[in-house]
1. Rounded to the nearest 5, what % of the DSSP beta bridges within the stretch 88-163 are antiparallel ones?
2. Given the Cα-Cα distance of Leu263 and Ile195 and 0.36 nm per residue of separation, how much length would full extension add, in nm?
3. Only Lys, Arg, Asp and Glu count, each charged at its Cβ (+1, +1, -1, -1), so figure out the dipole size of the chain about its Cα centre, rounded to 20 debye.
4. Of all the C-alpha pairs in the stretch 122-263, what % are more than 20 Å from each other?
5. Specify the angular offset, from 0 to 90 degrees and rounded to the nearest 10, of the alpha carbon long axis of helix 183-197 from the longest principal axis of the alpha carbons in the chain.
6. Quick one: helix 203-224 against the long Cα principal axis of the chain, what's the angle to the nearest 10°, folded into 0 to 90?
7. Check Val140: other-chain or 5+ apart residues with amide H under 5 Å from its amide H, H built from backbone geometry?
8. Work out the length of the dipole vector of the stretch 196-290 about its Cα centre, built from +1 on the beta-carbon of each Lys and Arg and -1 on the beta-carbon of each Asp and Glu, and round it to the nearest 20 debye.
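The values are calculated or read from the model by the stated rules, or taken from the named source; none is laboratory data. Only a predicted model underlies this, so the values are computations on that prediction, with no experimental measurement involved. Cβ placement follows ideal geometry from the backbone for every residue including glycine, while neighbour counts extend to all protein chains displayed. When the accessible area is computed, the model is the full protein with side chains, heavy atoms only, and any ligands, DNA or RNA have been set aside. Shrake-Rupley method; radii C 1.70, N 1.55, O 1.52, S 1.80 Å.
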Amino acid sequence: MDTISADTLRIGFIGAGRLGQAMAWTLAQHGCTIHAAASRSARSAQALAAPLPACKVLSPQQVANECDLVFVTTPDASIKATVDQIQWRAGMGVAHCSGATEVSALSTAADQGALTGGFHPMQTFSDPQVAVRTLPGCVVTIEAQGRLETVLRTLAGQLGCTVNALPPGMRGRYHAAGAYGSQFANVLLAEAARIWQSWGASEEDALRALLPLLKGTISSIESIGLAKGMPGPVSRGDTGTVARHVQALSSVDADVAALYRELCRRSVPLAQSAERIDAKTADDILRTLD
């Protein structure tokens, strides 16, 4: 990769699931050459390659042989085993796209002289077509050194992404933190939909009401930050409403009420840091939640 620019790299993908498809299609839309793809599922590899005229469906070893930079986008549990079965060339780049797996999973490639690293877009890939629209501009966490770091940063720049540098050994914490902005949002909305269903409303009814509310909250956070952008009775010091919520939810399900109590407890320090409530009000709310 010494004399090859990011624009002329032959990029390959080993693993052609939702993440691989979205990344390949997005990079191609931003001027990159996706040269080859491999997958345990021929149908998935063909789906990845279908919109990319220059992309060939090959074996994993052929992808490694023909590409300058290979993204390993297999499931996390398969990354090391996949890499261990391939012969890698000295000087080529190999990067996995896992948030939680350490770069040391690529040690076989590194031992053979390849440049190894991590390239993890902080984005949701449940629907590859949607991800093509949302991946550009997100944060990409890069863990690499030397020429590979330069190339990966250049690719992130071509996507308009902000780069987050991650020190070794931190991927577990980093990826767990991402859950709070991704799947836990689904969990919280599912809990809210469950409450709506307790009076006969549907999940669709709940989402029709709650998604605009969530979008408004996100806009407030973007504008004035986590603490000041937090709405709700805790942020207003409305102890009476908190008490009514607890009473109402207790009649739905004890677990529902318990989760509400814990989330409210975590809300109190945020409200205090925004100077929305004083110490006495904070204590009153916490006693209400006991």
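1. In the stretch 88-163, approximately 40 percent of DSSP beta bridges are antiparallel ones.
2. Stretched out fully, the Leu263 to Ile195 stretch lengthens by 22.9 nm.
3. 240 debye
4. Values: 6413 of 10011 pairs.
When every Cα pair of the stretch 122-263 is considered, 64 percent fall beyond 20 Å.
5. Long axis of 183-197 versus the principal axis of the chain: about 40 degrees.
6. 80 degrees
7. For Val140, whose amide H was placed from the backbone, the distant partners under 5 Å are Met122, Thr162, Val163, Asn164.
8. Value, rounded to 20: 260 debye.
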